[in-house]
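These notes are about the structure you will find just below.
The values are calculated or read from the model by the stated rules, or taken from the named source; none is laboratory data. Values in this document were obtained by computation on a predicted structure and should not be read as measured data. Every residue, glycine as well, gets a Cβ built from its backbone with ideal geometry; the counts of neighbours run over all protein chains shown.
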Amino acid sequence: MKTLQRTLTIIKPDAVRKNAIGDIIEQLEKNDFRILALKMLEISKHQAEQFYAVHAGRPFFRTLTDFMSSGPIVALALEKENAIADLRKLMGATNPASAEEGTIRKKWATNIEHNAIHGSDAEDTARFELSFFFAGYELAE
Ligand code: CMP
């Protein structure tokens, strides 16, 4: 049985600075992701720490949260069959040095930290991450 799934993606500050927003959204739409909501915003260091709380204590936590609060980001709520896995495939490996040709990170990421795009990694994290950026009434029917 085919079931629609929702996921959250973030176009990160490095990709926004490179004027990659349009290209990344085009790739999402070409790959059949339906955009339920999107917003451009800046998050504080504290908000970045809350969003990435699962990584607290990791050696890269401080620089990751500094980076994610360093400038505008674009958050999108997406829907598609198998959205979580399909988005992660389209994004490519976390470290762009290992990302496959044709992926968003291969095209736009600079390194493992400045890696252009984030995507939820599981259904429970998708629920948390969607509700972090969007209230229920903000999502398209
Ligand atoms: P993202 O998909 O946003 O999820 C967590 C982020 O932490 C990840 O992308 C990377 O940007 C970052 N990250 C993961 N592993 C490392 C690492 N070893 N060194 C630096 N940053 C990392």
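The figures follow:
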{"read-out": "Candidates L78, L90, L36, filtered to the one that is surrounded by 13 or more Cβ atoms within 10 Å (Cβ to Cβ), in contact with a Leu (Cβ under 6 Å, 6 or more places away or on another chain), under 18 Å from L8 (Cα atoms) and of a type outside the set (D, E)", "value": "L36"}
{"read-out": "Residue in the stretch 32-49 that is nearest to the ligand (Cβ to nearest atom), counting only those that are part of a loop (DSSP other than H, G, I, E, B) and either within 21 Å of L90 (Cβ to Cβ) or among the β-branched types (V, I, T) (or both)", "value": "I43"}
{"read-out": "Residue list for the stretch 52-75, filter: touching a Leu at 6+ places or on another chain (Cβ under 9 Å) and under 28 Å from A135 (Cα atoms)", "value": "Y52, H55, P72, I73, V74, A75"}
{"read-out": "Search result, residues across the stretch 96-107 that are of a type in the set (A, V, I, L, M, F, W, C), within 24 Å of R6 (Cα to Cα) and in a helix (DSSP H, G or I)", "value": "I104"}
{"read-out": "Count of residues meeting criterion [closer than 18 Å to T7 by Cβ and in contact with a helix residue (DSSP H, G or I) (Cβ under 6 Å, 6 or more places away or on another chain)] in the stretch 33-50", "value": "1"}
{"read-out": "Qualifying residue in the stretch 123-130 (condition: more than 13 Å from the ligand (Cβ to nearest atom), over 15 Å from I11 (Cα atoms), at pLDDT 95 or above and assigned to a loop (DSSP other than H, G, I, E, B))", "value": "no"}
{"read-out": "Answer from I112, I73 - the residue that is at pLDDT 95 or above, near the ligand (Cβ under 10 Å from one of its atoms) and β-branched (V, I, T)", "value": "I112"}
{"read-out": "Residues (touching a residue at least 24 places away in the same chain (Cβ under 8 Å) and surrounded by fewer than 20 Cβ atoms within 10 Å (Cβ to Cβ)) located in the stretch 93-111", "value": "K107, T110"}
{"read-out": "Qualifying position, being within 24 Å of L4 (Cα to Cα) and under 11 Å from the mean Cα position of the chain (by Cα), among A85, A75, A116", "value": "A75"}
{"read-out": "Matching residues, the stretch 76-95, being more than 10 Å from the ligand (Cβ to nearest atom) and in a helix (DSSP H, G or I)", "value": "A83, I84, A85, D86, L87, K89, L90"}
{"read-out": "Number of the condition not met by Y52 [criteria: (1) touching a residue at least 60 places away in the same chain (Cβ under 8 Å); (2) within 12 Å of the ligand (Cβ to nearest atom)]", "value": "(1)"}
